[in-house]
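*Asks:* Below is a structure I'd like to ask you about.
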Amino acid sequence: MLQEFKTFISRGNVVELAVGIIIGAAFTGIVNSLVRDMLMPPIGWVMGGIDFSNYFLNLSGGHYESLAAAEAAGVATINYGRFINALINFFIVAGALFLIVRQVNRLHFLHDSKPKAPPRQEILLEEIRDALRARQATASGDPTRPGA
């Protein structure tokens, strides 16, 4: 069982998946910072100082100046501003992944468009066909017309 596990874990796909998850986690941190620190402040400024991360619905009926104050009081809230930020994160990640996959597919297309050598069986079958045509041409007495 231990040997089977070693075989499973050492396969290329498992290692590539692990690397992809680690890079994805790092990429998520970058995107979160991009949205929180770079994109949302100018969007909020253009919209009159709006900070999406501070938008919430208070379900308890009281009034709180900020989401942090409501959370400190332990009030039940619906944090739709954080949801808006999460949506923006998602669209940025999805767009970036789309561009990456698009380029990879383009490289695969260029790589696949090169002519490939025919399979060995096909080469052998062509040689047999040519030999049979040559034999038929010599048997019919017309060596200038192979395969006629």
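The values are calculated or read from the model by the stated rules, or taken from the named source; none is laboratory data. Computed from a predicted model, the values in this text were never measured in an experiment. Every residue, glycine among them, receives a Cβ derived from its backbone with ideal geometry; neighbour counts consider all protein chains shown. Please note that ligands, DNA and RNA were not included when accessible areas were found on the heavy atoms of the full protein model with its side chains. Shrake-Rupley method; radii C 1.70, N 1.55, O 1.52, S 1.80 Å.
*Asks:* Can you give me the accessible area per residue for the chain, using a 1.4 Å probe, in Å²?
*Replies:* Numbers: 11830 Å² over 148 residues.
For the chain, the solvent-accessible area averages 80 Å² per residue.
*Asks:* Also: Please return the longest stretch of the chain lacking exposed loop sites, where trypsin sites (Lys or Arg not before Pro) count only if DSSP places them in a loop and at most 14 other Cβ atoms lie within 10 Å.
*Replies:* Working: sites that count: R11, K116.
With trypsin sites (Lys or Arg not before Pro) excluded where exposed in loops, the chain gives 12-115 as its longest stretch.
*Asks:* As I understand it, the dipole of the chain uses +1 on the Cβ of Lys and Arg and -1 on the Cβ of Asp and Glu, about the Cα centre. Which of G74, A134, I92 lies farthest toward its positive end?
*Replies:* With unit charges placed on the Cβ atoms, the residue in question is A134.
*Asks:* Leaving ligands and nucleic acids out of the surface, order V46, V101, V35, V93 by accessible area at 1.4 Å, largest first. Write down the numbers at each step before the final one.
*Replies:* Numbers: V46 110, V101 80, V35 0, V93 40 Å².
These residues rank, largest area first, as V46, V101, V93, V35.
*Asks:* Out of these labelled values of P(r) over Cα pairs in 10 Å bins from 0, in percent, (i) 11, 40, 31, 14, 4, 0; (ii) 9, 17, 17, 15, 12, 10, 7, 6, 5, 3, 1; (iii) 8, 18, 29, 27, 15, 3, 0, which was calculated from the coordinates shown here?
*Replies:* (ii)
*Asks:* GluC sites (Glu not before Pro) within the range 16-109: which are DSSP loop residues with at most 11 other Cβ atoms inside 10 Å?
*Replies:* Passing both the DSSP loop test and the Cβ count: E65.
*Asks:* Quick check: residue separation of E122 and Y64 times 0.36 nm, minus the Cα distance between them. What number comes out in nm?
*Replies:* Numbers: separation 58, 0.36 × 58 = 20.88 nm, distance 7.78 nm.
My answer for the length gained is 13.1 nm.
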